[in-house]
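The values are calculated or read from the model by the stated rules, or taken from the named source; none is laboratory data. These figures come from a predicted structure and were not determined experimentally. Reconstructed Cβ throughout: ideal geometry from the backbone, glycine too, with neighbour counts over all protein chains shown.
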Amino acid sequence: MDSSLLHDPRPSSLSACVDEDGRFDSVKFCAYAARMGDESRQRIASAVNQSYAEHLSEDDLSWDDEEESPPKKRRAKKSVLMARRTDDGELEPILPKDTVWWAVYVNNFIADDPRSQAKFRNRFRLPHANFCELVLDCEQNELFSRWLGKDAIGRESSPIELLILGSLRYLGRGWTFDDLEEATAISREVHRVFFHQFIEFGSTVLFERYVNTPTNAEEARRNMLEFEMAGLNGGLGSADGTHVVTEGCEYNLKQVHKGGKTDQTTRTYNTTVNHRRRVLHTTKGGPGRWNDKTIVRFDDFICGIRNGTTLEDIEFELLEMGPDGEVITVKYQGAYVIVDNGYLRWSCTVPPFKVSLDQREIRWSKWVESMRKDVECTFGILKGRWRILKTGIRVEGVDAVDKIWLTCCALHNWLLDIDGLDEHWDGDGLSTLESDWTGELGNHDFVFEGKVPDQISRLVGDLDPRYDSSGLGGGVDVAGEVHPLDLDTEIVDDESVNFVQGEVRVVKDLSLGYFRKKLVEHFDIKWRRNEIKWPIRRGPAPVRR
């Protein structure tokens, strides 16, 4: 026993914890308990040391100062994911560079074979040449430095080519990380870590490179040409919201992420596209219970147009009837996007009419509705090409879901550039809708030739005053700002405005009712003149590489 315990002033028995008056002293008892614990630990340590000394040999007790053995290296546990049996009956590990993916898609890809090119594009969504370009971009980025060279214990890192192929397959076909492990002989943990770095790269570097939001009139001009051809001067694009199922939503966020058109937890995104289906802007993401009226408040692009901080230098002209019955030209400043009736009644978000008996408004509304289908088609392309957006995202955390959405939007725009679908929209070779005006409220005779969407054919059908039921009633989170019944009547948002002839009218300062009627009037004048065109891409069909 330690000699220090022999001279310990603390009580050594329970009787020493009793005061002179016979009362039990709790402080002395605590000191007694501490002393007993120290003595017990000393006895145990002494017994262990004695037992250890008895089992040591004399060689173990000897010490040579001249010879010092080097420290032993730490043995890394060697894990084998996949193995095959050799002719000798022994198991041989299968390395990533022994897999079919490496042999067919990386090392021995047949670049001059159109069939191989088509299969690679179908399986990984990117042409092989652009895949090689993506590999070079990733190798030069610091996010992927850990997969270049060797790891801490000298082993060769997993091939970054296979990891990128795995990320593309995970996005394009909704595979699991376990499926990728089976195809590449790289553990699912490595695929998971790499995928998070890949979507970080896609949502920042690729998104900034391929999703170019217009900030001035010069940048927006190219996106407004198709709308001018269609008689919708000042239109920049079409916007709508879409939901993406997220299965890995945090428990404390599940309630606000349930809503919309499904009982599952979802993230909602408000996206603006042009007529070429190119994503111009998208929000980062919001809870699934947010409707269009709510998510648009968090759209920096549309709110910037409404506040006059974005695209305030855009000027366009609308035709209208003057006081003497002549056609005059009026200048407007600003821009707008086409939406459905689920949005707030802002002059920069123009929806079709819900209810109308005026055939001019019905004709304009159905034409607008056809142009608005651009954003719906874009959502269909995105969710069809990147199946993870359709089947549901299993990655944990809403931040990762937002990064996946931004990455898919960036890859979508990149593929438009690759296929040449964002070119040759300058107006040559467009299909013109020829019409014969037969009087006031007369119908038009169309020459379709298979170049006009089917929805336009409803213009010559029976008069249907009800054709857009989207956005009925108040919004979930901003119901107080929705007008009564949300109907398109003059008492809702129309107003009498007297402008001086030649004065430039600012779109953001106008009410939706007034501005929309001016758009209808301009469209009607152009329609009478047979100057309405449906913008289509000219030139030969793009060659898919």
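Tell me whether region 247-267 contains one or more residues that are under 19 Å from His412 (Cβ atoms), assigned by TED's automatic domain parsing to the domain that holds Leu416 and surrounded by fewer than 23 Cβ atoms within 10 Å (Cβ to Cβ).
no
Which pairs turn up if I take residues in region 512-528 that are in the same structural domain as Val327 (by TED's automatic domain parsing) and look for partners that are assigned to a helix (DSSP H, G or I) and not charged (D, E, K, R) with beta carbon separation below 8 Å, at least 6 apart in sequence or on another chain?
The qualifying pairs are Gly513/Val492; Phe515/Val507; Leu519/Trp364; Val520/Trp364; Phe523/Trp364; Phe523/Trp367; Asp524/Trp364.
Tell me, yes or no, whether region 312-330 has at least one residue that is within 26 Å of Val244 (Cβ to Cβ), in contact with a helix residue (DSSP H, G or I) (Cβ under 8 Å, 6 or more places away or on another chain) and either modelled with pLDDT of 95 or more or not polar (S, T, N, Q) (or both).
No, region 312-330 contains no residue that is within 26 Å of Val244 (Cβ to Cβ), in contact with a helix residue (DSSP H, G or I) (Cβ under 8 Å, 6 or more places away or on another chain) and either modelled with pLDDT of 95 or more or not polar (S, T, N, Q) (or both).
Could you grab the pairs with beta carbons closer than 6 Å, sequence gap of 6+ or different chains, first residue in region 390-403 and closer than 19 Å to Asn252 by Cα, second one outside any helix (DSSP H, G or I) and of a type in the set (Asp, Glu)?
Listed by first residue and then by second, the contacts come to Arg394/Glu247.
Among the residues of region 251-289, which ones are touching a residue at least 40 places away in the same chain (Cβ under 8 Å) and out of contact with any helix residue (DSSP H, G or I) (no Cβ under 8 Å at 6 or more places or on another chain)?
Across region 251-289, the qualifying residues are Gly259, Gln264, Gly288, Arg289.
Taking Leu126 as the residue in question, decide whether it is part of a helix (DSSP H, G or I) and either under 27 Å from Lys383 (Cβ atoms) or touching a residue at least 60 places away in the same chain (Cβ under 8 Å) (or both).
Against the criterion (part of a helix (DSSP H, G or I) and either under 27 Å from Lys383 (Cβ atoms) or touching a residue at least 60 places away in the same chain (Cβ under 8 Å) (or both)), Leu126 does not qualify.
Please work out which residue is surrounded by the most Cβ atoms within 10 Å (Cβ to Cβ), limiting yourself to region 297-349 and to residues that are of a type in the set (S, T, N, Q) and not in a loop (DSSP other than H, G, I, E, B).
Per the stated criteria, the residue is Thr349.
Exactly one of (1) touching a Pro at 6+ places or on another chain (Cβ under 8 Å); (2) within 14 Å of Asp240 (Cα to Cα) is unmet by Arg278. Its number?
For Arg278, the exception is condition (1).
Scan region 191-220 residue by residue and report those that are touching a Phe, Trp or Tyr at 6+ places or on another chain (Cβ under 9 Å), surrounded by fewer than 21 Cβ atoms within 10 Å (Cβ to Cβ) and not aromatic (Phe, Trp, Tyr).
Scanning region 191-220 gives Arg192, Gln197, Arg209, Thr213.
Give region 368-392 a look and list any residue that's in contact with a Gly (Cβ under 7 Å, 6 or more places away or on another chain), in a helix (DSSP H, G or I) and either surrounded by 19 or more Cβ atoms within 10 Å (Cβ to Cβ) or of a type in the set (Gly, Ala, Ser) (or both), or say none.
Ile388
Return the residues of region 161-182 that are in contact with a helix residue (DSSP H, G or I) (Cβ under 7 Å, 6 or more places away or on another chain) and surrounded by fewer than 16 Cβ atoms within 10 Å (Cβ to Cβ); say none if nothing qualifies.
Asp178
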